[in-house]
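See below for the structure under consideration.
The values are calculated or read from the model by the stated rules, or taken from the named source; none is laboratory data. Remember, predicted model here, so these are calculated numbers, not experimental data. Quick reminder, even Gly has a Cβ in these numbers, built from the backbone with ideal geometry, and neighbours come from all protein chains shown. Note: areas computed on protein heavy atoms with side chains; ligands, DNA, RNA excluded. Shrake-Rupley method; radii C 1.70, N 1.55, O 1.52, S 1.80 Å.
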Amino acid sequence: MDTADRETFFTKAHSPFPEPTLDEKIKADEFLSASNHLAQFFGFLGTIFTPVQSDISGNVKKLGKFIEENPEKVVYVNDIILLEAGVTQSISIDALLWLKRALEFTMLFIDGIVCDTKNGTPNEDLRPLCLQAYEKTLKKYHGWMVQQIFNLVSRACPSRRDLLASLALGETDMESVVVAQMEEVLVNLKKNVTIINQLYAQYNLDTEVKV
């Protein structure tokens with residue numbers, strides 16, 4: 001099915017995650033634009049998820065400021081790591097790390113919705129998918145209190161039907177289109193996250209400090 005001409009949340013801003021170059025570089029401006037747009041996904045989950053949306057947007061803003069201050073040095077996300085890898089307590093390294101983690105959580109949550117749909121086993125209750133994504137990504141970086149807060153927040157997940165309807169921006173009979181576009185978004189998002197993970201591992205920058 002051609003979903004490109006059916007406008008939903010995923011196509012409205014025209015901010016897809018960039019296709020990495022052959023040498024695995026990620027265009028920084030496109031990556032930040034796509035990340036900022038994906039942050040708005042949490043607005044469709046309800047106001048209780050606003051802190052997650054704000055956290056992503058805040059880290060995008062920090063990285064955008066760093067790029068503005070180094071216009072000739074930063075073209076790719078990779079450049080941020082190359083420039084800041086040796087800087088103690090780099091704001092940019094920390095911002096990209098937490099942005100990547102939030103994107104991983106979002107990616108697994110959306111991927112869960114897509115997989116359940118394709119397998120013919122969609123569940124109207126999205127909380128299990130939300131918690132599974134959290135368990136695999138953010139939980140180990142959160143202290144006990146934050147974990148308990150997230151557990152409560154996850155209870156506010158809308159139903160699958162309501163979320164997909166909201167993402168369709170008011171259009172009816174769009175569930176299959178929305179899910180197909182979710183799958184399209186995941187392609188480059190997964191590539192971007194994989195490359196960033198490899199860079200953090202290469203420079204030994206990934207920490208397990210809890211917040």
Selection from region 191-211 of residues assigned to a helix (DSSP H, G or I), buried (at least 16 other Cβ atoms within 10 Å of the Cβ) and either among the aromatic types (Phe, Trp, Tyr) or more than 15 Å from the chain's Cα centre (by Cα) (or both) yields LEU199, TYR200
Inside region 170-186, can you point out the residues that are touching a residue at least 24 places away in the same chain (Cβ under 8 Å) and surrounded by fewer than 14 Cβ atoms within 10 Å (Cβ to Cβ)?
GLU171, SER176
Could you list, ordered by first residue, the pairs with Cβ atoms under 7 Å in which the first is in region 129-147 and open to solvent by 40 Å² or more (accessible area, probe 1.4 Å) and the second is not in a helix (DSSP H, G or I), at least 6 apart or interchain?
LYS140/GLU208; VAL146/VAL211
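Being part of a loop (DSSP other than H, G, I, E, B) and within 11 Å of the chain's Cα centre (by Cα) is true for just one of PHE31, PHE17. Which residue is that?
Numbers: PHE31 fails: part of a loop (DSSP other than H, G, I, E, B).
Testing whether each residue is part of a loop (DSSP other than H, G, I, E, B) and within 11 Å of the chain's Cα centre (by Cα) leaves just PHE17.
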